[in-house]
Structures are given as C-alpha cells and as structure tokens.
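Working notes for the structure below.
All of the numbers you see were taken from the coordinates with simple rules; none came from a lab. Every value quoted in this text rests on a predicted model; they were computed, and no experiment measured them. Counting neighbours? That spans all protein chains shown, and the Cβs are built from the backbone with ideal geometry, glycine included.
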Amino acid sequence: MESKLGLDKTVIDECRGFAEKITGDLMGFIQSHTTDSVERAVTRLMGLDGTDRIGTPYPNVLVDAVKRSRGLGQGIAAASADLIAYTGGALADAVKAIADKKLKLSDVPALDWDKRVEIVRPLAEAGLAEIKSRADERNSLRAAYPMSGPPLFYVIVATGNIYEDAAQAVSAVANGADCIAVIRSTAQSLLDYVPYGATTEGFGGTYATQENFKIMRRALDEAIQREGRYVNLVNYASGLCMPEIAAAAAFERLDMLLNDSMYGIIFRNINTYRTFVDQYFSRMINAKADIIINTGEDNYLTTADAVEKAHTVIASDFINESFAQRSGLPPRLMGLGHAFEIDPSIEGGFLMELAQAQMIREIFPEAPIKYMPPTKHVTGNVFQTHLVDMMFNVCSVMTDQSIHLLGMLTEAIHTPFVGDRYLSLSGARYAKNTMRGIGDEISFKPDGFIQRRAREVLGKAHEMLAEIVDISLVESLARGMFADIHRDPKGGKGIDGVVKKDDDYYNPFLEA
Amino acid sequence: MESKLGLDKTVIDECRGFAEKITGDLMGFIQSHTTDSVERAVTRLMGLDGTDRIGTPYPNVLVDAVKRSRGLGQGIAAASADLIAYTGGALADAVKAIADKKLKLSDVPALDWDKRVEIVRPLAEAGLAEIKSRADERNSLRAAYPMSGPPLFYVIVATGNIYEDAAQAVSAVANGADCIAVIRSTAQSLLDYVPYGATTEGFGGTYATQENFKIMRRALDEAIQREGRYVNLVNYASGLCMPEIAAAAAFERLDMLLNDSMYGIIFRNINTYRTFVDQYFSRMINAKADIIINTGEDNYLTTADAVEKAHTVIASDFINESFAQRSGLPPRLMGLGHAFEIDPSIEGGFLMELAQAQMIREIFPEAPIKYMPPTKHVTGNVFQTHLVDMMFNVCSVMTDQSIHLLGMLTEAIHTPFVGDRYLSLSGARYAKNTMRGIGDEISFKPDGFIQRRAREVLGKAHEMLAEIVDISLVESLARGMFADIHRDPKGGKGIDGVVKKDDDYYNPFLEA
Amino acid sequence: MAQQDKKGIVKPYGDAMGDGAVQLSFTLPGVSGEIAEEAARRLAGKMGIDDPYVSSCDDIGSEMTFIVLYGKVRHSVDIGQIKGFDRGDEKIPNMKVIDHMIEEKLGRVITAVGACIESDAHTVGIDAIMNMKGYSGDYGLERYKNIRAINMGAQVSAEEVVREAIREKAEVILVSQVVTQKEVHVRNLTRLVDLLEAEHVRDGVILVVGGPRITRELAKELGFDAGFGRGTLPSHVAWFILNRLLEKEGRA
Amino acid sequence: MAQQDKKGIVKPYGDAMGDGAVQLSFTLPGVSGEIAEEAARRLAGKMGIDDPYVSSCDDIGSEMTFIVLYGKVRHSVDIGQIKGFDRGDEKIPNMKVIDHMIEEKLGRVITAVGACIESDAHTVGIDAIMNMKGYSGDYGLERYKNIRAINMGAQVSAEEVVREAIREKAEVILVSQVVTQKEVHVRNLTRLVDLLEAEHVRDGVILVVGGPRITRELAKELGFDAGFGRGTLPSHVAWFILNRLLEKEGRA
Ligand code: B12
Ligand code: B12
Ligand SMILES: Cc1ncc(COP(=O)(O)O)c(C=O)c1O
Ligand SMILES: Cc1ncc(COP(=O)(O)O)c(C=O)c1O
C-alpha cells in the first residue's frame, strides 16, 4: 500500500523507538512483581474453578489464604504444589478444604523448587494444551466459514442478561455482524474477582463469567453454521481481573478482548503499577490463545478534545504496540484503537477524521486496527446521530479500517436495543457495499489540508513520546498527558494486590 | 476547474452540436405555431387577471371566446387590440363583458396591424417593466442578503394549504433552507387553466396560483430579513399552462421554476407539439424575468434503470440546454437536472454516482445544476432512507453541486411533514459543513472505475444524441428513448390547443 | 430470556423481554422548551407509555418543537386473536403453474383491465404487476398465456376504466392508487365503485386495488374484492384472481 | 392555518394543523410478516393512534420484527395545565452576578461537595459543572470566589460522599448519575438519601442530582432538592443553590 498522506517514515520509526524505550523502562518493575489477579489467573490456567458456599471463587479463596499465611512472593504455583503434595488430591479439593476451614495453610509444608515444578508443570501443560486446542478449533472453523472482508462489523450487546444477550447477538449476526462484544456490567471492572456462573442481572452490561462466555460462544457457533460466516466473540480483559478474564476467555475460545495497557489506570482509577503488571501477563495469555486485543485509545477523546488531542491517540497506540510486542503478541493480534470523536459541528471535521484514520491505517499496516464510533458529540436526536454514524461508516470504508465498532443511533440514550443494532448494521452494510473500492479510487491532494493535518498530528505524537521518554510513562500519567486525567502512581484501586516476587518465585506460564 | 475525470472535450462538443441540430429541427414548427396557453400567457403579461362569476379565469374566457369566434391564428394580442379599441376601456372590462354575455366578439371589428401594435405595445411594455422591476428587486435583495454558497438547500412544501405551506417554509428557512418549492396539487398539471386566488385544498401539493405565489413570497421575504440570507421561491411552469405560470411567476418574483422541454410529454402524457411550443415561450418569459429553470431529468430514472439509462439524463441535459439557449436563457439560469437514483443495494453504486455527478458538474460548469435525491429505491424504513439521503448529501458536497434538492426520510410514505424537513436540513447542513473543501482535496485514479464509468456514460449519451439527430426528437419520444415511456406525437392531452399562426400573427412579447 | 410469551401476547421489546420499549417522534406546534418537553411526556402518558424520556427537543422555527421520545408502552397485543392474515405458510405457485391451472381448471382466457386512475400518474406500480417484465424477477400478467392483460396506463378516469371493462368484457379490473394525501385515493376508489354499480357491472367483475398504502382492510371497506400493498408480486395477484374466479363458480 | 390552538391545546402536527401525525418504531418479538404488521397496527390503535400505517416491517432475525409506523394520534395536551416549568422567561444571571449576590446577600462562602457515585465512572458531567473550565462557555463552580467546590470525581461510594460532606461542613451535595440501565441510578440515589437521613444530616444540606436522564420530577420523587438534566450549565446550578439557601433562611 502506497502512502496517501506522504508521511515521513523516519518520524514513524523514531516514534516506535521512543515507545520501546518508554515500555522498556517499566519492564524491570513488571518482571519483578506479580499481583493477586496474576496469581489467580495462574490457578485458573492450572484448572481451578468453582466457588465456595458463599460464592467466593476458589481462585480468590486460595490466593487470599496464601497471601494471609505465607504471602504471594513465591507465587501461587508454589503454594499449589505444596498443597497438592500435602493433600494428595486435586487442587480444587484442597481449596475446598481451605474454604471449609478443614485445612490450614500454615500446616502445609513447603516443598523444594524442583518438586514444585514436577507437580505443577503437568497441570500447566494441560491448561496450555486446552488453550491450544481452542485456538486450533478457531482456525478450522475460520477455514470452513471464512470471515467477512474488512471492515469487520463489531456490535455490542449489553442487556445485563446473558440469555437476552445471546438472542440479540444472534439477531445481529443475521443482520451482518462479524464481532459480538458482550459489554460488562458497570460495576465489574472494580471487582477483585471474576463472578461465577450464568448471570441475568447486570447494569449497563452483563457480567463476564466463564459460564456466560460459554453460553454466548455456543449461540454464536450455531449462528456461524447457519450464516456460513465466522463470527468473533469479544469480551473485556480489563479492570482488576485482566489476567483471569484472559484465562477464562482462552478456555472458551473468545476471539478478541478489550485489553489496554493504560485504560484501567486512566478511566477506572486502578493503580498504575497494578495495571502494568496485570496487562503484561494477560497479554501473554492472549498471545498463547491467539486472541486479538482491542486497545482503548478511543476513550481519550471522550474526556479530552478530539481536535487538539488527536496525537495522544497515536502516541498511545505506539505504546500499546510496544507493550503488546513485549508480551509476545504479533502485529496481526494488535487491534489498536482510535476513534471518530470530532465534534460534528466543526467545519472540515470530516477531513481531519479522514486524515487521522488514514494515518493510523498506514502506520500500523499489519494490525487489525479497531475504529470506534462517534459517542461524545451525538445527541438524543436519534435521526441526526444515525447520520453522524453514517459519516463514520463512510470514513471507515474510505480508509480501509479493519474492525469497525458500529455507532448506534441511541448512543446518547441507552445501551443498544435490538432494533437499534439492526438499523446500525443495515447502515454499515449499505456503506460498505455501495462504496466498495473507493479507497483505491481516490487520492489526496499533495500538501492539501488532509495531508497537512496528518503530518501535524504525527509530529505532535512524536514530540509527546519524546517527552515521555524523558519523564517516564508513570509520570506522564500523573501529569494527565492522556485523556486529561491525572493519576497518582501511589493511589488507585488494587494497589494492595501488587506483590514483589521472591527470588524463588515460580509461575509455570512465564516459562512456556 | 480542472477535469477530474479526464473527459474528452471533443466528445462533449459533439454532443452539444448534436443537440443543437435536434432542437433546430423543431424550431420551424415551434415558431410557426402558438397554443391556447401561450395566448393566455400573453393576456396575463398584458395585465389581464381575475375570473368570471363561475371562476373561469379571464385569460381563458378571452382566449376561448376568440378561438370560437375567429380563431387564434392572429394571436390574442390582435384580438385584444380590437376589443380595447371597440370598447374604449380596459381589456379586463371587455373580457368581463364577454363573460357576462354583454359583448359578442363577432361584433368587434378587426383593426389593421399598425393600429393593433399601437394599442397593445404600451400594455406589453408595462408588463415587461413590471417584470424587470421584480428582477431588479431580486438583485438588490440578493446584494443586501447574500445567498448561501453551493449547494443551495432546496426543500419542498406540499401540504395542499398555502398557509400551512408558508408556516412550514418559514420553519425550513430557520433550519437552513435556501430554496422553497411549493409542489403543486396532483391534478393541476392537467388543468388547462391556472386556478385563481388563495387555496387551501390540494392533493399531494398546493395549487399554483398567482395569489399563492404572493402569499409565499411575502412569508419568505420576511424570513429573508430575519435570517439575513436570500431565499429562493420555486414553483412549476410545467403541464398544460407552462407559459401562464411563467408569467405569474415573473410578476411575483419567483426565483426558480421547474420547466422542462419534455417532462410534460413523457410523464403527464401531454401532447408532444403542445409541449415544445409552450416550453419555448415559457422560457422566453423566464429569461426576461431572470428566473432559473429546473429541468426534469431526474424523473427518467424513476421509470428506467438508473445504471443502464444514466446516459439518457446527460443526453436530455444537452437537449434542455439547447432549447433553453434558443429561448434566450444564459447558462447561469439553466438549472439542468440529474438524480441520485441508483439502487442502494448495488455494489459500487456510490462510485457510479460520484462519476455521474462529477461529470455533469464538469460538462455544464456555468449552469446552476440541480441534483435530485434518491426516491425510487428508498423504503418506509425511514432510518435507512435517512442514510441513503446522507450518501446523497455526501456525493453532492464531494462533486460541488449547485442546487441540492434534499431527500426526505419519509419519501416512500408521504409528502414531507414539517419535522421531516427539519431532519433533512440538519443532515444536509452537517454534511456541507463537516466535509467543506473535500472536492478540492480528492482526485480520482486515472483510468480507475470512476473515470471509466464517466467515460462510458458520456459515450452512450453521444451515441444516443447521434441517433436522435437521424430520427428526430419527436420520433425518439415515440420510441420510448427517454424514461422507457412511449409517446405518440398525435396523442396526448392538449393537442387541441396547438394552433398554426397566420401570417399576420401578432405577439408583442416575441419582439422584445 | 428472549422468548415470546407462550400465550401469544406480544409487546415491544428493547433489551429486556416485556419492557415495552418504543421510540416516538413528532412535532408540537405552538410550544417550546421545557413546556414542550412536558407536553410530550404527558402525551406519551396518554398513549399508555410509562417512563417517557424526551431524548431530544429541538426548536424548529415557526414556533414548533420536534420531539424524540423513548418510553415503555403498557399495551400488548394478543396475536391469538388475529385472524385472516397470511401466516407465511401459504406458498404461492409461480407463473407456469398458475397459468397451467387457469387452463386446466377454468378453461378460458381471463381478461383483465388495469389502470392508475384519475389524476394519479404513477405507472410504475401497475406496470410492475401487468407488464411482461414484471417485478423482482416475477413475470407480469401480460406474460401469462391465459390472461389477456390490458394496461391503460395512468391518469385514466374512472369512467374510461368502466367503459373499457365493459367493451372488453373484462372479468377483472385492476386499479392502482399511489397518491394518498388528504385521502384522495379513497375518493377516487369510491367513485369507481359507484360508477360500476350505476352501470350494474360491479358483480360481474373481480375488483382489485393496489398501491403502497393500500391494505386489505381498506380495500374491503371500500367495496373491493382485494387490496394489495407494498412489494406485491404479479403472481400474488394472478393466484388471487384464479382462486376468486373458481370460488365464484363454486369450484374452489 | 398553521397556528396553535388559542386555547392552549397542543397536538402533534405533520402537514395539517390538528392532524396528530406521529412516527413510531419498535421491535416485536415472536412474530413476523403480516401478523407482525397487524399486531403493530393493533398496538397503535390501543395507543390512540388512528389510521396506523406500517411503513416498514423488517425481519431482524431471532424471530423478531422491526416496525416503523406512522399514524394520527387522537390525544392532545392542554398546556394551560402545565405548571411549574420554565417558560423560558427566567433569565439566569452569569457567574459574576451570582458570585456578587452570594457575597452581598449570603455573606459567606458556600461549600459544595460533588461526586459521580457508586460504580458510575462518568466524570465528564460533574466536571462540566464543577471544574474551572465549565461547560459551553459557562464557568464551573470552582471558579466562583464564593463557592468552595470539592470535586471527588467518579466511582465514589455514597458513604464516602456523606463522610466528606460532614467533614467539610458542606452546605451542598452534588451527585451525578449517568448510567441508568435497570434503574441502577434510582437504587444508588435512594441509598444516598437513606444514608444522609441515618446520619441525621439530610436537612442540613441542599441535595442536588444531575445527569442526562435526570428530570426534576424524578429528583423530587427520590427526595432530592433539585434535579438537572441534559445541557445544564454551571450557572443554573449556582443560581439554584443561592436561591434555595436564601429561601431556607427565609430571605428569598
Ligand atoms: C416514481 C415516482 C414518481 C414518478 C412517477 C413516474 C411514473 N410514470 O410512474 C414521477 C416523478 C412522475 C412522480 C411524480 C409525482 N409524484 Co411521485 N413518486 C414516485 C416514487 C419515487 C416511487 C413510486 C414507485 O415507482 N414505486 C415503485 C413501485 C413498484 O411501487 P408501488 O407503486 O408501491 O407498487 C407496488 C405495490 O404498491 C403494488 N401495486 C401498486 N399498484 C398496484 C395495482 C394493483 C392492481 C396491484 C395488485 C398492486 C399494485 O404492487 C407494486 C409492486 O410491488 C414515490 C416515492 C416512493 N419511493 O415510493 C413518489 C410518490 C408516490 N410521489 C408522490 C407525489 C406527491 C407525486 C406528485 C404528485 C408530486 C407533485 N405534486 O409534483 C407528482 C405527480 C404525479 C401524479 N400526478 O401522480 C408522493 C405521494 C404522497 C402520498 N402518499 O400522497 C410520493 C410517496 C413521494 C412523496 N413522499 O411525496 N412520482
Ligand atoms: C464519555 C462516556 C464514557 C467515558 C467516561 C469517561 C469519563 N471519565 O467520564 C468512558 C469511555 C470511560 C465510558 C465508559 C462506560 N460507559 Co459511557 N458514555 C460516555 C458518553 C459517550 C458521553 C458522556 C458524556 O461525557 N457526556 C457529556 C456530558 C457533559 O454530559 P452529561 O454527562 O449528560 O452531563 C451534563 C448533564 O447531564 C448535567 N449533569 C451531569 N451530571 C451532573 C451532576 C450535577 C450535580 C448537575 C447539577 C448536573 C449534572 O450537566 C452536564 C453538563 O450539561 C455517553 C454517551 C453519550 N453521548 O451521552 C456514554 C454512556 C453514558 N456510557 C454508557 C455506559 C453503559 C458505559 C459503560 C458502563 C459501558 C461498559 N459496560 O463498558 C462504561 C463504564 C463506565 C462506568 N462504570 O460508568 C451508557 C449508559 C447507558 C445508560 N443510560 O445506562 C451511555 C449512554 C452509552 C450507551 N448508549 O450505552 N463512557
Ligand atoms: C480497554 C477497555 N476496557 C474496558 C472498557 C469498559 O469499561 P469497564 O471497565 O466498565 O469494563 C473499555 C471501554 O470502552 C475499554 O476501552
Ligand atoms: C419538470 C417537472 N415538472 C413538473 C413536475 C411535477 O409534476 P406535476 O406535473 O404534477 O406538477 C416535475 C416533478 O418532478 C418536474 O420535474
């Protein structure tokens, strides 16, 4: 693909270099620390699931118990090995015994390293094999039922009730949806555990649980057969349980996960360090499960100005790319985000959008970039909002976006009704079909407004990244450089869950 | 403006040459004939107005009486002169006397040519002076309240009640309308007279009467002052009374008139010759009144296929251009029409639309071309129709159209409600503003799909015009070459109203 | 759970079964601002809408306000009570089959006269039914060997239609009405029925009307044998004609 | 003639005054085709809509049908009966004036504690009211010299808000609620009122709620002093606070 914007390749390369430095500076911390959620994820990957009688998930029961008694410094895998050896049964039985207060961790003797590895490695391997078989399953389904060409139409379901979600998702698939994202209940990202079982009571979304994943996967797999087209299931590895959700998603063959290196910090006030550690491990799991991540840069322009702060999106994309790479994700799994958030009343706003969307396409040519719809400046006049969404569809097709989250005419009112989604999909299909091939047909005036806008935004991102190299990413977050939101690295939720690793820390999933 | 399509200038020039031959072949007939409506228009231009007791307009009373007694071969001006001389009073009084059966035309002696000219010319001059003063008025208003830049937003009002129309028009102006077209009642174009006075009972439109013109002009003139922007008033010089409506419009400072050289033939089954004669004289009046005509090529693609018959639109535009020129209309008054009628479900349809809209823009660079919205393929799903209209807005802005008739989301349902118009204007304003300057920014791939489509359509128009040169325009209409509708030149309504001129035919408005 | 009420009670649905979610829009004249918003809510209340939420309230000039409103309708409909509507299980045969059946069962060529009447100039609809080419891949009546289809075009007066039907000994009259503002179609259609009755030929013909806003109820109400709306295919009409003729002859 | 009824009766308007024209859309689960169309018409009938016309009826999968319907509503609203709403004639003064009036009339600095409560993370709305910068060119409360505005941000539990208000001796509590699905805001807001009452501080504060779906009626219903919806400006809030405080002190 030839550049339509005449972007300067050396500027782009320098941005990548800066991002690598920025993330590199954090790797020391990330690798020397673990978190409650990372450890809980380890238990899940080793096959632990279920809850105690009052509904506390076993991974929490175990991790909390270990934390209280001997601390997490050696890792949960180590403690698990000790438990298994001590009880001679399955890990779940041991945890049940702890929950039932029939077993005290302080009674459990510590094994030596080699013994622990010997006990735990088969469990880990079983987990990884399971994940691999899910990925293989995906590959064969995609071969039998090929996906649509880009842009993939991505819609959210958010009824709060997994069964309603499933029925609505199936309707969406019948109308052309390629990706179904089950939005989570408003409260979930701040829960320090993953709820359990099928749920029917969420607010502004449905709880992410492994059982809910399964229910939705089944519904979609049926729809796939019916429609002859692969449909992707999406959820959120975000919030205080990023790694655990990644684990559950890997087991249930989710295809994409919202998974950002900074969203939790900025938008959910989760502790900075907690998030950096969590995102690293969750992405490693995603890499193993062949799951596409969706990053959250679109959110920045809901709190910051979309015209003036467009460059923060690009800067963040470079950072998310670098972090992703460090977790082992190849570009084809990097669904870097950006958004169509310019105020519709700005003269020439669409030209800026064109410039920015095209620029991201060109800078990340192999990434399945995810383009997000207008949200902030739409209104309750649903007819007008429908048109703003249509301009977004137009821009998406003109600039060849990969994943296209559909705008909803009722964005300013409620989470989408089933009929809203139908209207939205009809519009997007219309745009994709009637404009087919337009990207190839048009070019932009050399040194015109569009090219100049792209150059300006890239230049500012370059400047910003250079500054972050100097001050560090943690400090840039403290200074509110992203989304105009300031975050003290010593504050935020979940800080208690960050634990320094001991020298004999053991986590079998860091080896593989 | 540089061509974006790489169109062949010699092909365009040849098309113009063909069109000139085609219309030239008809000028003999046109100039040697008059019609009832032409003659009635002459009486109106000489100041005759009003109706008899049962509501027959005086122009009809007079023309019918003359036709019955001595025939129209000498022209109504001649008979009028005779009447005025005989009664010694105003023409209207004489006509009233005829209506009241107090005066018999057979009693009125014929004057000689010079005497007739002497009597009638001052009346004609007064009429023309009145028209000129209206045009001057328009110019000074436009200087004080400049019009919006292109595209001008054109909306229709069609409540059937002139007072409701006025209120709805004023709402439209407040929301950005630049042109208000009062659609006529479904039945009017087949009436062989112009209704009189203010009317409140039309079907699918409001009767075009001089009083209604006045009411709407007054409402718009107030709105112009309030909004600080000139707003154009539009009506229809179409149907069996083309020339008379042109006359009434000239007096009431209408700014644009739907006025096509063939629409009446094709779509209202009005006699071919009647239409050709009427259109010629009506356009002469428009030229004097500085009124922009809107031609009706958009209609072709409601009965014929928009992809296969796109070239018939261009061919007809060349013919309308040539006829207009023969009536003395300069290019700046030629609102040649074309339409966005490709089925939205056709892959790449928008690219074809872009090609065609751009082509018309380039072929008629000085003409205020009028772009018509999607109508045929829209549905009662108003949300989806709203999007199709938005794509039309997009195409219009991208190709720099002059007059843009706004699509309505309820096109498939009813004549526009006041709220529909508001939504439509909001969408069009959004497109115009957010995409401002895009035409300048983009260019089309040399020899790409868009350029090839334009070339193909122009080529077919060229072929079609060449064929019409051979077979004549009348025969082409008989063969259904336009709109797939066949019209026998010996059939159709109003054929009785076509009259051969005598050698001493007199019409003062053909002189000026 | 997203499942229809087993008893056949249906109610609008947004994101929770039974929620009654509806969207409404309209223009209120003579009011603006908060008063308009409140008036809109009260109107919604009278319509049986709970929790009405005015999502937008725009001043559109000429003292009018455009309202968009969401809410939860209390009403529901018992579909068990809906009779006489196509439940989508009747499969209409194609031209070949119908044509053959006319020959077999009726044994004669049916004459049908069609027109878009009075001031209505919309030919596309009646042409879609009658012309060879047909509509959406379904051949038009002219192509049926056993139907003599006479298409008079548009702007045909009711008198002319009646005259032609009598002259051609038509068994079927097909009329189209597309323009409906101020109920002009009702007026035109009623006049046609009156004329047919005055000429004592109403009972001798099958009288069919079609158009985008025609429903079968309206057609019946106006004294027609059938009414066809949006998206009608020629074969639907041919099938109806055949069956009605057989029925008339007591052979259905 | 396009003029409002002189007696203050308003009714939706399409193209003839009094026509009652409305547009409706909704999804019907468990039905399709002609039955869905008829069900939609009957539903409209129950809502008081005459001549319902189903302009589209689309199968959207999962056995659901999306309906668009036009019709003429019989109901109307007497705006003479609408009391207590802003008729658009009250002009709210700007920051300078209000700030000066607080100093003049009240003679003290008002402390206001604000937050978006419970799981709701939407800060933009409360920030628009409280932050210096303000909203739509109208300065936020932090910029008022005589208001001490403490913005606690989002995701603040009701308990924390109450604690902070007590600690800071706040005269005003401002809460924002943006997420409203399944009425979660009602639950959160009710809890806040209960807590304030349990701590015996409810009467000591002016309690204000805002958010895009908040109406003044809802706020009153839940026991708040005021509710502010879409498009609220900081000066609206400051003006309300000032007047309510004066009123409380019997000086309004
Ligand atoms: C094409 C068209 C025209 C063309 C007509 C060309 C022609 N020769 O037919 C032209 C441009 C000339 C035209 C003019 C006008 N039109 Co017109 N036109 C349309 C348009 C865009 C499409 C109609 C169409 O062709 N549909 C396609 C056909 C296949 O569908 P159909 O007619 O519904 O037919 C199907 C069924 O209804 C049924 N059917 C129809 N007839 C019959 C008959 C029988 C016996 C049976 C069994 C079935 C049947 O079967 C058909 C196939 O499924 C509509 C808007 C729209 N998108 O619907 C406006 C529309 C119909 N027009 C309208 C109006 C008002 C006019 C004018 C009066 C406007 C004016 N004042 O200038 C003029 C004058 C025409 C006149 N006197 O009648 C209005 C009518 C509003 C109303 N409800 O009252 C519409 C809805 C546009 C609008 N929103 O304002 N129009
Ligand atoms: C920006 C935004 C976000 C941002 C928030 C960033 C931030 N720090 O605030 C992000 C991206 C993080 C976000 C996330 C989510 N969001 Co959100 N979001 C929006 C969005 C696009 C704009 C809201 C906004 O900023 N409006 C601009 C402000 C200025 O308007 P406002 O809030 O109405 O405030 C004005 C008035 O209401 C009033 N006001 C407001 N508060 C107060 C308080 C007082 C005291 C007073 C006097 C006045 C007042 O004054 C303000 C100025 O006029 C809306 C959609 C939309 N266009 O409205 C969805 C929306 C609000 N979000 C929604 C949802 C569901 C979520 C999520 C829960 C989705 C999920 N499950 O992942 C998450 C989680 C957030 C959470 N836990 O709360 C839904 C809520 C649906 C509902 N009605 O229940 C909406 C409507 C989108 C949708 N259609 O689904 N969101
Ligand atoms: C990366 C990411 N995670 C999560 C969310 C959703 O928020 P919550 O934390 O409520 O799940 C978003 C919202 O857009 C997001 O972009
Ligand atoms: C040139 C022209 N005249 C007239 C009309 C309207 O039809 P009627 O003859 O009913 O006025 C049109 C409709 O689009 C038109 O294009």
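Observations on the model:
- Mean Cβ neighbour count within 10 Å, used as a protection proxy, ranking B:331-339, D:21-29 highest first: D:21-29, B:331-339
- Scanning residues 5 or more positions from B:I156 or on other chains, those with amide H under 5 Å from its amide H are B:A181, with H placed 1.01 Å from N in the peptide plane.
- In summary, the stretch A:1-116 shows an alpha-carbon radius of gyration equal to 1.61 times the 2.2 N^0.38 Å reference for compact globular proteins.
- Peptide-level mean, for D:147-154, of C-beta atoms on other protein chains within 10 Å: 1
- Violating pairs (Cα-Cα greater than 31 angstrom) within the set A:K370/C:K11; A:K67/A:K490; B:K288/B:K370; B:K132/B:K501: A:K370/C:K11
- Restriction of the trypsin sites (Lys or Arg not before Pro) in the stretch B:79-144 to DSSP coil positions whose beta-carbon has at most 12 other beta-carbons within 10 angstrom yields B:K101, B:K102, B:K104.
- Nearest chain D C-beta to the D/C rotation axis, reported as residue and distance in angstrom, is D:M47, 2.
- Cβ-based charge dipole, the stretch A:145-449, positive-most Cα from A:A198, A:Q358, A:G335: A:A198
- Global geometry of the stretch A:224-306, whether rounded, prolate or oblate, following the gyration tensor of its Cα atoms and the 1.5 cut on a/c: oblate
- Of the trypsin sites (Lys or Arg not before Pro) in the stretch C:212-252, those whose Cβ has at most 11 other Cβ within 10 Å and which sit in DSSP loop: C:R251
- This model, with +1 at the C-beta of Lys and Arg and -1 at the C-beta of Asp and Glu, gives the stretch A:119-199 a dipole about its Cα centre of some 160 debye.
- Calculated label separations, A:D502, copies of the chain, 7 Å along the beta-carbon direction, nm: 12.5
- Rounded, prolate or oblate (a/c below 1.5 giving rounded, otherwise prolate when a/b exceeds b/c) for the stretch B:103-261 by Cα gyration tensor: oblate
- A simple packing score, the average count of other Cβ atoms within 10 Å per residue, orders the peptides A:406-414, D:204-212 as A:406-414, D:204-212, with the highest score first.
- Between identical copies, the spacing of A:T87 label points, each set 7 Å from Cα toward the C-beta atom, reads 11.5 nm from nearest to farthest.
- Entries of A:K460/D:K133; A:K4/B:K432; A:K21/A:K214 with Cα pairs more than 29 Å apart: A:K21/A:K214
- The angle separating the long axis of helix C:184-198 from the principal Cα axis of greatest extent in chain C is about 30 degrees.
- The protein assembly as shown - charge dipole about Cα centre, Lys and Arg +1 at Cβ, Asp and Glu -1, debye rounded to 20: 1480 debye
- Loop-located GluC sites (Glu not before Pro) in the stretch A:1-70 (DSSP state other than H, G, I, E, B) with a sparse environment of at most 11 neighbouring Cβ atoms within 10 Å: A:E2.
- Charge dipole of the stretch D:11-90 about the Cα centre (unit charges at C-beta), most positive-ward option of D:S56, D:G30, D:G80: D:G80
- Test item: C:41-53 mean partner chain Cβ contacts at 10 Å: 5
- The label-point distance for B:E308 and B:E14, in a model that sets each label 7 Å from Cα toward Cβ, rounds to 2.5 nm.
- Residue-averaged beta-carbon neighbours from other chains (10 angstrom radius) around A:111-120: 0
- A dipole drawn for the protein assembly as shown from +1 and -1 charges on Cβ atoms has a positive end, and of B:F392, D:I92, A:P150 the residue lying farthest that way is D:I92.
- Relative to the longest principal axis of the Cα atoms of chain A, the long axis of helix A:210-227 makes an angle of roughly 50 degrees.
- Estimated from helices alone, the mean residue ellipticity of chain C at 222 nm is -9000 deg cm²/dmol (sum of -39500 (n - 2.57) over DSSP H runs with n ≥ 4, per residue).
- Spacing of the two label points (7 Å from each Cα toward its C-beta) at B:A144 and B:Q225, in nm: 0.8 nm
- What separates the A:R332 label point from its copies, with the point 7 Å along Cα to Cβ, is 6.2 nm, written shortest first.
- Dipole check for the stretch B:117-262: with +1 at the C-beta of Lys and Arg, -1 at the C-beta of Asp and Glu, and the Cα centre as origin, the magnitude is about 320 Debye.
- Those aspartates and glutamates that a straight Cα-Cα span of less than 15 Å connects to A:K101, excepting residues fewer than 8 apart in one chain: A:D52, A:D64, A:D93
- Per residue convex hull volume, Cα atoms of the protein assembly as shown, in Å³: 199 Å³
- Between the Cα long axis of helix A:382-398 and the first principal axis of chain A there is an angle of about 90°, rounded to the nearest 10.
- Here is how the number arises for chain A: DSSP H runs of 4 or more residues each give -39500 (n - 2.57), the sum is divided by the residue count, and the result at 222 nm is -17000 deg cm²/dmol.
- Residues C:V97 and C:S136, FRET efficiency given R0 of 22 Å [Cβ-Cβ distance, rounded to 0.05]: 0.80
- Semi-axis lengths, largest first, of the ellipsoid equivalent to chain A are 39, 26, 19 Å, with √(5λ) applied to each eigenvalue of the Cα gyration tensor.
- Over chain C, the pair-distance histogram of Cα-Cα distances with 5 Å bins from zero comes to 1, 6, 11, 13, 13, 11, 10, 9, 9, 8, 6, 3, 1, 0, 0 percent, rounded to whole numbers.
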